[in-house]
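The values are calculated or read from the model by the stated rules, or taken from the named source; none is laboratory data. Since the model is a prediction, treat every value here as computed from it, not as a measurement. With ideal geometry, Cβ positions are generated from the backbone for all residues, glycine too; neighbour counts draw on all protein chains shown.
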């Protein structure tokens with residue numbers, strides 16, 4: 001019995017040291033190179049509200065969207081495009097829609113107020129497939145909204161990682 005306990009504790013210790021030695025660490029909030037960010041995405045944009053909430057929840061960045069505060073910001077997020085598309089990709093034998101593809105594209109660049117480019121023009125594009133059945137139209141609309149919300153969350157997380165990768169202003 002003591003031998004079994006000894007072997008299990010040695011194995012657990014080796015596993016812990018193996019994880020620590022390989023550099024494993026839980027993901028944490030990124031350290032941003034700026035303390036204030038100007039974003040033209042207002043309160044009417046779901047993506048803008050979520051981005052502001054995520055950035056300000058870190059306690060390190062304040063998001064402003066008034067032009068008066070533009071000169072006092074550390075970085076400026078220029079939103080070049082924010083599109084949602086719904087494309088029919090399949091029909092059944094009677095010509096009714098059978099499958100849809102939902103797409104979101106977000107193009108942006110990051111710069112200083114003086115014009116120095118921190119992140120060149122970049123695009124984040126996502127797509128999700130959605131089967132469609134006319135008899136379940138209400139349920140499919142709810143599923144579509146859920147998929148768009150999931151894609152929006154994904155875009156915000158990717159954008160946060162890219163903003164966190166900026167080293168210096």
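When you check residue 87 against the structure, is it out of contact with any helix residue (DSSP H, G or I) (no Cβ under 9 Å at 6 or more places or on another chain), farther than 26 Å from residue 165 by Cα and modelled with pLDDT of 90 or more, yes or no?
Details: out of contact with any helix residue (DSSP H, G or I) (no Cβ under 9 Å at 6 or more places or on another chain): yes; farther than 26 Å from residue 165 by Cα: yes; modelled with pLDDT of 90 or more: yes.
So residue 87 passes the test.
Could you tell me whether any residue of segment 131-152 is touching a helix residue (DSSP H, G or I) at 6+ places or on another chain (Cβ under 8 Å), within 27 Å of residue 96 (Cα to Cα) and surrounded by 17 or more Cβ atoms within 10 Å (Cβ to Cβ)?
Yes: one or more hits.
Being assigned to a helix (DSSP H, G or I), within 19 Å of residue 106 (Cβ to Cβ) and touching a strand residue (DSSP E or B) at 6+ places or on another chain (Cβ under 8 Å) is the filter here; which residues of segment 129-169 pass it?
Taking segment 129-169 as the starting set, the residues that turn out to be assigned to a helix (DSSP H, G or I) are 134-164.
Then drop every residue that is not within 19 Å of residue 106 (Cβ to Cβ), which leaves 144-164.
Result: 144, 147, 148, 150, 151, 152, 154, 155, 158, 159, 162, 163.
What are the residues in segment 96-116 that are under 30 Å from residue 129 (Cβ atoms) and either touching a residue at least 40 places away in the same chain (Cβ under 8 Å) or exposed (fewer than 14 other Cβ atoms within 10 Å of the Cβ) (or both), if any?
96, 100, 102, 104, 106, 108, listed by residue number.
Looking at segment 31-42, which of its residues are part of a loop (DSSP other than H, G, I, E, B), crowded, with 18+ Cβ neighbours inside 10 Å and touching a helix residue (DSSP H, G or I) at 6+ places or on another chain (Cβ under 7 Å)? Spell out how you get there, then give the answer.
Our first condition is that a residue be part of a loop (DSSP other than H, G, I, E, B); within segment 31-42, this holds for 31-35, 39-42.
Those left that are additionally crowded, with 18+ Cβ neighbours inside 10 Å: 32, 34, 39, 41.
Residues satisfying the conditions are 32, 39, 41.
Return the residues of segment 43-80 that are exposed (fewer than 11 other Cβ atoms within 10 Å of the Cβ) and either at pLDDT below 85 or closer than 15 Å to residue 109 by Cβ (or both); say none if nothing qualifies. Steps first, answer last, please.
Our first condition is that a residue be exposed (fewer than 11 other Cβ atoms within 10 Å of the Cβ); within segment 43-80, this holds for 43-44, 57, 59, 66-68, 71-72.
Within segment 43-80, 43, 44, 59, 66, 67, 68, 71, 72 meet the criteria.
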